[in-house]
Structures are given as C-alpha cells and as structure tokens.
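Single-structure report; data block below.
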Amino acid sequence: KMTQQMRDLQLAQARKPPGPSSPNAAKRLYRNLSGKFRVNYTSFDEGSLVGRGEKEKLRKSYLFQSNAALFEAVELQDLDRVQELLKHYSPEELDLNTPNSEGLLPLDIAIMTNNAPIAKALLQAGAKESPHFVSLESRSLHLSTLVREAEQRVNELMAQVVNEAPNADCSEKEKQLKAWEWRFRLYKRMKAGFEHARVPDAPSSVHLSVASSSSLQVTFWEPLSVNSAVVTKYKVEWSCSPTFSPLLGEAVMDKLKDLHFTIRGLVSGTAYHVRVSAYNMKGWGPPQASTPPFAIPSNWREYDGRAPRRRGQAEALDHLLGQVKTVHQHCICHEPCKNQPQSRKHSVSKSLKHLFHPGSKFLKTLKRGLYLTAIFYKDDNILVTHEDQIPVVEIDDTYSCLLMQDFLWFTKVSCMWDEILWLRQCVTVSQSSCSCILQTRFKMLLAISQMQGLLGIQDLGQVFFEPIKDKQGNILIVTLKEVKTNQTFESVRWVPICKLQTSRKSVSSPEEPTALDTLLVSVQDKLAYHQRSSHALSPGLYLGYLKLCSAVDQIRVLVPERLPNILCHVKIRSNPNISREEWEWLQKMASVEEPVPTEPEADTSQNPLFQELQVAIKELMTLVNIPLQEAKDFRLYSQEVLDFGDQVSFLLLLPPSDDVCTAPGQNNPYTPRSGFLTLPLQIFELGEER
C-alpha cells in the first residue's frame, strides 16, 4: 500500500520543474530547493500581513519547510546543511523527533545509511529513534515494506513511460520515475545497512571516580567498533556485588554530548561496582566493567571529621557588622546627620547627566596630591565628563606619599560601597583623636561620597591593585567597573578609548608623564586586568604553587596574568573531589617526611592520584621555570584541601620553608617566565573573595 507521503510526492511532482535524472541531479535539485529555506523569517514585511492569523500561518509554513529541508539534507547526506539547520533552529521548530508519514525520523535515516557524522550531529541536538521500531522484526518488516512499495511504483511508472507516446504527460511520468528510482535506491541502502549491522562492542574504556561522599562519577569512551551502526545510547549499571546480582540501579543515557554520568544517592563507605554497555539499532552490546573495578563514595573531610572552613563565616560577619552598627547608631555625633540618609537617597537617584553639569567638581589637572578616579567601560568605550575627561576627584591636596596601609584600607572599603555614609559617621566619631591616619581615611570616604554623588552610582567597582604615581607628587587611586547592560543616559558620552587617547593633549614630557597621562596610556592593560580577575576556573582539582616575596611594608604573591585572582596553577583532573582513601595516601606521604616523589615507586605506580600529581608537578615546574630536580625538595600542603565552592579545589605545592617567601634583596635564581605578576597579599585575598 502506497504511503500518504508517496501520494503527496506524486502530486507535488506534477507541479514542480523537471526532477532529478540521477543521484547527482537529485543533489543539485535539493540545493536549489533548499535555498528558499535560508530566508530569514524576520525579513518578511509584517506590515503587509493582515492580522495575527496570517502571521501564524506563515510561521507554521516556514517551520514545515525547515523540517522538510532537514529530512532532505539527511537523505542526501549533506552534513553542512544539517549542521546549518540545527544551528539556526531549535529541535521543536524542526520537529526533530516527530516521525514523517513513513514512520521515520531523521536519526533513523542517518543510522540506517550508516552516516556517522550526521547521526552524531543529530544526537547532540537531542534527536531520538522512531518509537515505532519496538523490535528488530518490526524495523525489518517496515524497511521491507518501504522497499517493496517503492519498487512497485517504479515498475508501474516504467511501464507507463514505455507504452505511452511522447507527450507532455509522458515527460511528467519520466520525472516521477526518476524521483522514485532515487528513493528506491535509498530504501534499499537503508535495508542493507540494517541487515549488515551488528550490536556494538563494549565501550573502549570506563573510568570510575569518587565525586562526593554520596556519589560516583562514571566517564566512558565510545566502542572501538560500532559494527556498522551508530551508537545511540548507553546504559550505566551499578551494584554492590562484582557479579551485578542483585542490580542496585541503572540509567540509560540518550543525550550523548558528554559521555559521563554521576550516580547519586549512594551510601558513604560502601563499595560499588559499575559497568557500561552501548546500544545501536541492533540492540545492546556487551558491558564493560569500570577501572578501578569498584569505588567507595567519600570525601577527604571524613578522614578526621572536620567541618568546612568557611561554614557560617559570612553569617557571623553580617551579625558582627550589625552589632557594630547598633552601637554607633545612637551616638550623639550622629544627630546632625539624621537628614543625611535623605541626601544620600537624593544623590543615588541623580542621573548621570549631573556628572556633566558645568558646576561639577571633577578635576581637569592634578596638583600634587592624592586623587580618586573611576573608570566605567563598556566594550571598547569609556565614560567621560562633558569635557572628555575621565572622572577625577580630589582626596587630599597635601598628601604626597600614600602609605600602603592607607591604600589597603581603601581596597577593603571597596567591599562596602553602599555603607560609605555610615563609615563616614563612624570615622567622624574617632576624629577627635586628631590622628593623621584617621584624617586621611575620612578624606578618602568624603571623596568616595563625592564621586558617588556626582555619578549617581553607588558601586564604583574594583580597585586596581596599585596606585599610579608620578614625579610631580601626584597619586591616583583607580577603580574599574564594566557596564554590561545596554543602558543609555542623557547627555552622557561613551567615547572610544582609542579616540580619547589620541585626542587628549599631554601637558607633560614623555620622560616625566603625569599620573593622568600614565593612566590613559595604560588604560587597556588595566581593563584587561579587571576582566581577567573576574574569570572563574572550570570545575576540577588543581595544583597551586605558593610563592611569596616580601618588601618593607608588604608581602606580595606570585599570580598568573591571565587569571590574577588565583595562584599559579595547573589542572590535575576534572573531578574536584579528594576521596578519603586518596587523602589517607597523601597523609602517609607527609608523615614519611620525605620530599614529593617525581618518579613512580612500586607501591604507588598504580595509584591514579599519584600518576596525576606526577604529570601536574612536571607541568607546573615548567610553567614557573623551575628545574624539575628542584621539585624534589618541594612539599604538598597536607593540612587541608582548599575548596572554592563545590566545583573547584586546590592542592598546594610549597617550596622549601626557606624559599617560600623571598626577602628584600634576596636573589631568586629561578625567575618565572613572562605572563606573571606579583600582587599585594591583601589585594589577592580580596580578588579571591570576589
């Protein structure tokens, strides 16, 4: 019995231009037809449509054409076109998992023609196999029926073409005949592909690791041979018995973008065996046992029962801050400030256009003192005043030597931009002591309030890790903030950074540039630092290298330029969890009081963590330009694993105790390669918290 789609095709051929005379001609016709599907739907003139009903009808018609184009692209094995359609349309818009009138899905056609690239592209997009094929017999019968009907139709059309005299009708019959001959060959190829295929081999490798105290992570790889049929799903099974009897659970994975699975809800301290098997259209292949053969859910903290370091710290700090505020809010000196919250509210509500009022107190030039500048940027543009100046306000015109303690105090204040008014009141209380330090810090708070009021913005962003100084006695503290929204402001100019740099006329000599000139020259470097310092590491376990150097008034830490909020590091593995067994092994190494081994020993060569650490140490030593033989004197920090959330953890590699911190004037024979910088320790700690 001829299917409905075959009848539709026959009717459509009567209205279409001449059909394909060969498979190559079919591909050329397909390319011509599919060109119309590349029209952007939004390019239609909606003003010419009469009502919402016609718009919806047009949309459905367009999506139907996209679905038809996907089927044709799969049938013609056009990988580029399949990828293009999957990129521009969602699975729902393509009806990716809705069978056609022949009971086939795009994935069915791809796997039965053994087109692995197209099948994998469809699988990653969420394609499924047809639910009509409940058994091997049903699939075989369905394919036989399609082949028989197509062959019957070819024979009928061939007889009509032979017996009829040449005329217009005969020409149409020849077109239909060529189209059906091509489809007949397609169905025969699909049937032969199904008959030739066998069940897939076992996955080539299955790796089992401990993800937490209640979960295991299974990572596996495709079979070495799929036996002429693409693998469409995998099955993960687990049991407490090596014979997998009884079976505790199983999970079928049909989303194959990432070949890993996390088994959750397990009992800590219990050994679990895991195996994985692959499936194709011929059925399930043999299972592959994991390596190692079993794993025990656990976490390194179970070794001595310690609680997370930061548990409750944020709540405790908030409570402490609340207590401090309560003590200060009834102070007598706050009485004159009762109306200030209203003033603060007014300043916050100011639009940025107030920034460009001629009466604003932004400075054009610097006159030997301490200043604050705020850089707001979006893409390659920077926010400037009406006079094309970066916003600058004065902190203290008599302060020419910024102490590191004052600067570090300012960076801590940047964590409380919303509390500046309250901090000003607190410092005012203590001002009776006439301390120079308090006077300077009170002026810093005043400058921050002035900048916030003029800009109408509370959050001034992140403080750059070092101030800019010049030989004229100017010191410039720089804050950086990226504006990610498409917010627009009246009378405000976003100026391209390159234009600002070229248009500004320098008032200093190249040998002795002012702090403002230095800022403009180095602004791209500062923006790059700001963006990189907000990047996060991908999930995993890392090996970090702790190296400090001291100066008269500060300690600095070595960090990579590409990620300055993290220590120098290399990735050990993607699983961030350290199991109890692994931590016990690390403790055993530390108790021996021997240096970190860089070569395998008999009792550790089979330890996966040892092998991973060996590779990571070599990579890290190369990164920081330290000869590998020097690493024999290094040690792993064995007091704890540094956890940064649930997805990132660190093991620390420490130099010998005498070399952890380089003293002033001390020679360091192994200087890191380019791509590193040293940050003040307090700045690094703030960046890490952010």
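Selection within region 234-262: residues that are in contact with a helix residue (DSSP H, G or I) (Cβ under 9 Å, 6 or more places away or on another chain) and of a type outside the set (A, V, I, L, M, F, W, C). The member of this set that is modelled with the lowest pLDDT is Lys257.
Please work out if Val161 is open to solvent by 20 Å² or more (accessible area, probe 1.4 Å) and within 42 Å of the chain's Cα centre (by Cα). Spelling it out, it is not the case that Val161 is open to solvent by 20 Å² or more (accessible area, probe 1.4 Å) and within 42 Å of the chain's Cα centre (by Cα). A single member of Val552, Val559 is under 32 Å from the mean Cα position of the chain (by Cα) and within 21 Å of Leu408 (Cα to Cα), and it is Val559. Of these, Ile578, Ile566, which one is in a loop (DSSP other than H, G, I, E, B), outside the structural domain of Phe465 (by the TED database) and open to solvent by less than 20 Å² (accessible area, probe 1.4 Å)? Residue meeting the stated conditions: Ile578. Is it true that some residue in region 530-546 is in contact with a Pro (Cβ under 9 Å, 6 or more places away or on another chain), open to solvent by 20 Å² or more (accessible area, probe 1.4 Å) and hydroxyl-bearing (Ser, Thr, Tyr)? No: zero hits. For region 390-409, a residue qualifies if it is at pLDDT below 85 and either of a type in the set (S, T, N, Q) or not assigned by the TED database to the domain that holds Tyr529 (or both), and the qualifying residues are Thr398, Ser400.
Pairing each residue of region 453-469 that is in contact (Cβ under 8 Å) with a residue 24 or more places away in the chain with any residue that is open to solvent by 20 Å² or more (accessible area, probe 1.4 Å) and acidic (Asp, Glu), provided the two are 6+ apart or on different chains, yields C-beta distances under 8 Å for Gln458/Asp418; Asp459/Asp418; Gly461/Glu482. Going through region 497-511 one residue at a time, which ones are open to solvent by 50 Å² or more (accessible area, probe 1.4 Å) and at pLDDT 80 or above? Once the filter is applied, which keeps residues that are open to solvent by 50 Å² or more (accessible area, probe 1.4 Å) and at pLDDT 80 or above, region 497-511 yields Cys498, Lys499, Gln501, Thr502.
Of the listed requirements (1) in contact with a Ser or Thr (Cβ under 7 Å, 6 or more places away or on another chain); (2) at pLDDT below 95, Pro106 misses just one: (1).
Yes or no, residue by residue, for (1) among the acidic types (Asp, Glu); (2) in a strand (DSSP E or B); (3) modelled with pLDDT under 85:
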| site | (1), (2), (3) |
| --- | --- |
| Lys571 | no, yes, no |
| Ser605 | no, no, yes |
| Val615 | no, no, no |
| Leu620 | no, no, no |
| Glu630 | yes, no, yes |
| Glu640 | yes, no, no |
| Phe650 | no, yes, no |
| Gly665 | no, no, yes |
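Just wondering, is there one or more residues in region 183-203 that are touching a Phe, Trp or Tyr at 6+ places or on another chain (Cβ under 6 Å) and not in a loop (DSSP other than H, G, I, E, B)? For region 183-203, residues touching a Phe, Trp or Tyr at 6+ places or on another chain (Cβ under 6 Å) and not in a loop (DSSP other than H, G, I, E, B): present. Against the list (1) more than 26 Å from Glu222 (Cβ to Cβ); (2) open to solvent by 80 Å² or more (accessible area, probe 1.4 Å), the condition Arg264 fails is (1). Restricted to region 83-140, the set of helices (runs of 4 or more DSSP H) holding at least 1 residues that are in contact with a Gly (Cβ under 6 Å, 6 or more places away or on another chain), surrounded by 14 or more Cβ atoms within 10 Å (Cβ to Cβ) and of a type outside the set (S, T, N, Q) comprises 91-94, 106-112. Whether a residue is of a type in the set (S, T, N, Q), in a helix (DSSP H, G or I) and modelled with pLDDT under 90 was assessed, and Gln458 does not pass this test. Considering only residues in region 202-227 that are among the small types (Gly, Ala, Ser) and surrounded by 18 or more Cβ atoms within 10 Å (Cβ to Cβ), the one that is nearest to the chain's Cα centre (by Cα) turns out to be Ala211.
The values are calculated or read from the model by the stated rules, or taken from the named source; none is laboratory data. Since this is a predicted model, take the numbers as computed values, not measurements. Glycine also receives a Cβ, built like all others from the backbone with ideal geometry; neighbour counts cover every protein chain displayed. Just the protein is used for accessible areas: all its heavy atoms, side chains included, with ligands, DNA and RNA removed. Shrake-Rupley method; radii C 1.70, N 1.55, O 1.52, S 1.80 Å.
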